[in-house]
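Chemist: After the structure tokens below, expect a handful of questions from me.
None of the figures in this text is laboratory data; all of them are computed from the coordinates on show. Here the structure is a predicted model, which is why all the values come from computation and not from measurement. Cβ coordinates were reconstructed from backbone atoms using ideal geometry, including for glycine residues, and neighbour counts include every protein chain displayed.
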Amino acid sequence: MTLKPLASLLLCLPLMACAQEAIDAYEPVANEDAAEAMPADPVAESPRPPREPDVIYVPTPQPVVDAMLALAEVGPNDVLYDLGSGDGRIPVTAAREHGIRAIGIDINPTRIAEANENAQQAGVTELVTFREEDLFEADISEATVVTLYLLQSLNVKLRPKLLSELRPGTRIVSHAFDMANEWAPERTEQVDNSTIYLWTVPER
């Protein structure tokens, strides 16, 4: 054997070893313990709504919450539905301050989790329920009070459902947005820098 081929072979051996190490570094993790030790992907693990929410979540200030419940004249026999309930502050306040049963409906599971935590902290879990649903598809027929903080266009879109599913006499209160020229409010009030609107479902 000549020296030149032998020298070439000796030079190649370290390079082949390095190449194999590089390949091994990209092999999938076969050890389950090692796989469990890898950091979780927070985006993959965060709950996702079944579709994009209709509005960006903006909480209703507590003075406006109180005024909405007062405008609706919430009483002990009422059942309140909050459509787009966010962190649950309207149902929680209704249960805590008026002792009534309240249901919050929101399509975002993150908001539902926050609302349940707030209900637990307020000690009203026996009165408050939060449902992860599309408010346009949810059954709201048992409500005697409905609260909204959506957009004018969504209020208008929701109007046929409210009129067809809710019983006459049911009060509807909206924060910030009316129903354009589709349904004139019975009362309008100013609370701090906010406007709230009241409608009552008429006799059919």
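Chemist: So how much slack lies between Asp66 and Ser164, counting 0.36 nm per residue of separation and subtracting their Cα-Cα distance, in nm?
Modeler: My answer for the length gained is 32.5 nm.
Chemist: While we're here: Over the Cα atoms of the range 62-200, what radius of gyration and what Dmax do you get, in Å?
Modeler: Taking only Cα atoms of the range 62-200, I get Rg and Dmax of 13.7, 41 Å.
Chemist: Quick check: pseudo-label points 7 Å beyond the Cα along Cα→Cβ at Asn77 and Tyr57, how many nm apart are they?
Modeler: Going from the Asn77 label point to the Tyr57 one covers 3.5 nm.
Chemist: Sticking with this one: How would you rank 179-185, 139-145, 82-88, highest first, on the average number of other Cβ atoms within 10 Å across their residues?
Modeler: 82-88, 139-145, 179-185
Chemist: Tabulate in residue order the Karplus-calculated ³J(HN,Hα) for the range 192-204, using 6.51 cos²θ - 1.76 cosθ + 1.60 with θ = phi - 60°, rounded to whole Hz; enter x for Gly and Pro.
Modeler: 6, 9, 10, 10, 10, 10, 10, 10, 10, 5, x, 5, 8
Chemist: Relative to the present Cα-Cα distance, how much length would full extension add between Glu126 and Ser153 at 0.36 nm per residue of separation?
Modeler: Gain in length upon complete extension: 6.3 nm.
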